[in-house]
Amino acid sequence: MPRTVERLPLMSMTPGTARSLTVLRYGRAGARPKVYLQAAIHSNEFPGAMALHHLIPMLDKAQKAGRIKGEIVVVPHANPIGLSHVLMANHLGRYDFFGRDNFNRNYHDLADPVAEKIGKKLTGDAGRNVSMIRKAGLEALDEMIPSNEIQELRLYLMKRSIDSDVVIDLHCDSQASMHHFISQRDWPAIADLSAQIGATAIMYNAPYPYTMTFSGCNGSWWSKLADRFPDKPIPQACQSSTIEYRGQSDVNDALGAADATALYKFLQRRKVISGDPGRLPRALCTATPMEGMDVGYAPCEGVLVYRKREGTKVRKGETICEVFDPTSANPLKARTPIKSSTDGMLFSRRPDGRLAWPGMVCFRIAGPKALPHRKGRSGLDD
Ligand SMILES: [Zn+2]
C-alpha cells in the first residue's frame, strides 16, 4: 500500500495567484493509533520542517516494509500563506498580512457545538463516547464554510487532525533550547514524547489554554467535554502538544536527522510503527505550570545584549540581559538590566543585538511555582 499525497487548493485572495497545502498519509485510514504531525504553522519556523523533511523518507521506507500499524498524517509545511510573506527581503511569518491574525490563534473550539450535538446521547461506555465525539467534531467542521484563505487553511488542518490520538505541532522560538508545551491533562501520559525529544523545559496549561492555538484546540475540547459531563466517561482521547524545536536558525541536517529519529522512535513506542525504539532517554526535566513561566519584558527602548545563554539554569534576581541605549552620550548610565523573577530554566531568548521596545518579550524561564504576576496568563504572549 503506497502513501497518499493530497494537494489541497486554497482559495485565491488576489487575481492570478494560487497556493496549495500538501498532506501526506501513511497506514490505513481509520487505523489506530492515529498521529498527526505538522510543522511551521507560523511559516518562518523551519527547524520542525527540517525534522519532517528527514522523517518523511523514514516513513516511506516503513510504509513499503508494512511496518506502519496505525495511521500517520504529516503536513510538512502547514502554512503556504506565510511562505509568501516576504517584505523588503525579510521573511516575516507569524502574522497574516491580510487580517493581522497570529497564524497560530483562532482555531475552532469544538466543545460547545459538539456538546450540543451529542450531550444527550452520551453513554456509560468510554469507547463509544470517543467515537461519537470524534464523529460529531468532524461534522461540526464540515458544517463550517470558510470565507477566506486563512479560514480555509485552518479548516483543512483541523479536519485532518481532530480525530487523532496524538497531535504534534512543530514550532520553534527565536533563540531557544528544546521545549514542550502540553496540557496538564496529558501529564505524565505524554512524558515519553518530552523525554524522547530531549525537552529542557515542559510547561503545562491548566485547565485549558486561553488562546485558541492549534494544539490547544485539538486537545482541550476533550477536557472541556469531560468537565461538562462529569457523570459520563470521556477520556482525554487526544494528547495534543506543541514542540518548540530550538531557535529559528537551528536548521541543519544533523539536527533534522536526530529530531526525525526521535519522532520515529516515539511512533514506535506508541505502536504506530512496529519495531523496537530502544530505551527511553532519561528525562532532562519535569513539567512545570505555565503560570510559573517568567516572561522578561523590555522596560524601555534600546538594544539587547545578553548575559545568559538559552538552555541554562538561572536564579531569581540574576540579570538575564540588558537594554542599552546606543544614542546615549553617557554609556555607563545607558544600560537597564532585566532580571529573572524565578529560579528555573532559561529556555528562550532573543539574539544579541536585537532592537528592543517597551513591552517586548526578551526571555522566558520555566519556573516550578506559579508567579503572582503571571496569574491568569496561562498562554503564550504574542
Ligand atoms: Zn510558532
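So, in region 10-67, of the ones that are among the β-branched types (Val, Ile, Thr) and within 19 Å of residue 270 (Cβ to Cβ), which residue ends up surrounded by the fewest Cβ atoms within 10 Å (Cβ to Cβ)?
Filtering region 10-67 for residues that are among the β-branched types (Val, Ile, Thr) and within 19 Å of residue 270 (Cβ to Cβ), the one surrounded by the fewest Cβ atoms within 10 Å (Cβ to Cβ) comes out as 56.
Please verify whether residue 378 is of a type in the set (Ser, Thr, Tyr) and at pLDDT below 95, treating the condition exactly as stated.
Values: of a type in the set (Ser, Thr, Tyr): yes; at pLDDT below 95: yes.
Spelling it out, residue 378 is indeed of a type in the set (Ser, Thr, Tyr) and at pLDDT below 95.
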Q) For region 169-181, how many residues are closer than 20 Å to residue 93 by Cα and either more than 13 Å from the ligand (Cβ to nearest atom) or outside the structural domain of residue 41 (by TED's automatic domain parsing) (or both)? A) 1
Q) Give me the pairs: first residue in region 359-382 and outside the structural domain of residue 205 (by TED's automatic domain parsing) and loosely packed, with under 12 Cβ neighbours inside 10 Å, second residue of a type in the set (S, T, N, Q) and at pLDDT 75 or above, beta-carbon distance under 6 Å, and six or more apart or on different chains, which are they? A) 382/102
Q | Among (1) surrounded by fewer than 19 Cβ atoms within 10 Å (Cβ to Cβ); (2) at pLDDT below 95 - the single one residue 270 does not satisfy | A | (2)
Q) Within region 196-213, is even one residue of a type in the set (Ser, Thr, Tyr), more than 16 Å from the ligand (Cβ to nearest atom), surrounded by fewer than 18 Cβ atoms within 10 Å (Cβ to Cβ) and within 17 Å of the chain's Cα centre (by Cα)? A) yes
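Does residue 94 fit the bill of being within 16 Å of the ligand (Cβ to nearest atom), at positive phi and of a type in the set (D, E, K, R)? Explain how you work it out, then say what you get.
Details: within 16 Å of the ligand (Cβ to nearest atom): yes; at positive phi: yes; of a type in the set (D, E, K, R): yes.
Judged against the criteria, residue 94 is a match.
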Q.
Is it the case, given these coordinates, that residue 246 is touching a Cys at 6+ places or on another chain (Cβ under 9 Å) and of a type in the set (D, E, K, R)?
A. yes
Q: For region 30-48, name all the residues that are away from the ligand (no atom under 16 Å from the Cβ) and either not small (Gly, Ala, Ser) or not assigned by TED's automatic domain parsing to the domain that holds residue 74 (or both).
A: 32, 33, 34, 35, 36
Q. Taking interchain pairs and intrachain pairs at least six residues apart, which have beta carbon atoms under 8 angstrom, with the first residue in region 251-267 and farther than 21 Å from residue 70 by Cα and assigned by TED's automatic domain parsing to the domain that holds residue 175 and the second among the charged types (D, E, K, R) and surrounded by 22 or more Cβ atoms within 10 Å (Cβ to Cβ)?
A. 255/246
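The values are calculated or read from the model by the stated rules, or taken from the named source; none is laboratory data. A quick note: this is a predicted structure, and the numbers were derived from the prediction, not measured. As a convention, Cβ positions derive from the backbone with ideal geometry for all residues, glycine included, and neighbour counts pool all protein chains shown.
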